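Reviewing the structure listed below.
The values are calculated or read from the model by the stated rules, or taken from the named source; none is laboratory data. Everything quoted here is computed from the prediction, not taken from an experiment. FYI the Cβ positions are ideal-geometry reconstructions off the backbone, even for glycines, and counts take in every protein chain you see. These area figures cover heavy atoms from the full protein model, side chains too; ligands, DNA and RNA do not enter into them. Shrake-Rupley method; radii C 1.70, N 1.55, O 1.52, S 1.80 Å.
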Amino acid sequence: MCGRNSLFIDQPDLEARFDAEVVTDGGYTPRYNIAPGEDLYIITNEASDEIDAYHWGLIPFWADEPEEGIINARSETADEKRVFERAWESRPCLVLSSGFYEWKSPNGGSKQPYRIYREDDPAFAMAGLWDVWEGDDETISCVTILTTEPNDLMNSIHDRMPVVLPQDAESDWLAADPDTRKELCQPYPKDDLDAYEISTRVNNPGNDDPQVIEPLDHEQSGLGEFSS
């Protein structure tokens, strides 16, 4: 599961990191709390030198009216689902992130949000699929984030995680054939992901400011300390 994202690196650094130029209408705005139904910044296989903004939620091509869409797709079965068929075959993308959020319910209690980020990289890429929904009067470019089994870090927080791509696999994800891309849909293999507790301010999408990523006063510093 990946139900909330962020991207707040400065635009020049973002463009340098991905060797791509922001082309989205309205320009780039740093975001600390991106919710489903809002726009994600992505790089598609058809324009690997451009950073654009697509609706978060892949809308089934057969839908009569626009809807929120499917925000996550299981990488293990996406190639078997009719709704993802053409996107899986030929429309991979990079979903850009400064960190995503996940919630844990310790001992069945209130859900505690965590921020998950890469220690050595202010922006990284998650594997996604894009598509274009076409209605009578409008078209909507949309995207879903692929998920996989959790790695050791995420296992103590949630039973799924987004497919976080190592930097050296980003271009492969965009250029490879479907079978090769499926092989890339693995739990993040490196140990540079980290996580810490944040406040429940992130629960409200209207809270979109640096305070969202501030650690709680009782921040847990290691995986072993907050695992169940």
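With the simple spin-label model, which puts each label point 7 Å out from Cα in the Cβ direction, the D152 to F61 separation comes to 4.3 nm.
Element breakdown for region 69-221 at a 1.4 angstrom probe: carbon and sulfur atoms account for 41% of the accessible area. Computed as a quarter of the hull surface, the mean projected area of the alpha carbon convex hull for region 156-213 stands at 5.9 nm². The listed peptides 155-162, 37-44, ordered by packing as a protection proxy, come out as 37-44, 155-162 (highest mean of other Cβ atoms within 10 Å first). For the chain, the solvent-accessible area works out to 47 Å² per residue, with a probe of 1.4 Å and every protein chain left in place. Evaluated with a Cβ-only charge set (Lys, Arg +1; Asp, Glu -1), the chain carries a dipole of roughly 860 debye about its Cα centre, given to the nearest 20. In the set (1) -0.35, -0.97, -1.18; (2) -0.27, -0.86, -1.13; (3) -0.31, -0.86, -1.07, the label that goes with log10 I(q)/I(0) by the Debye sum over Cα atoms at q = 0.08, 0.14, 0.16 Å⁻¹ computed for this structure is (2). Taking +1 at the Cβ of each Lys and Arg and -1 at the Cβ of each Asp and Glu, which of Y54, I9, L193 sits farthest along the dipole of the chain towards its positive end, judged by Cα position relative to the Cα centre? Projecting each Cα onto the dipole axis, the largest value belongs to L193.
The count of lysine pairs in the chain with alpha-carbon distances below 27 Å, taking only pairs 8 or more places apart or on different chains, stands at 4. Dipole magnitude for region 47-131: about 460 debye, using +1 per Lys or Arg Cβ and -1 per Asp or Glu Cβ, origin at the Cα centre.
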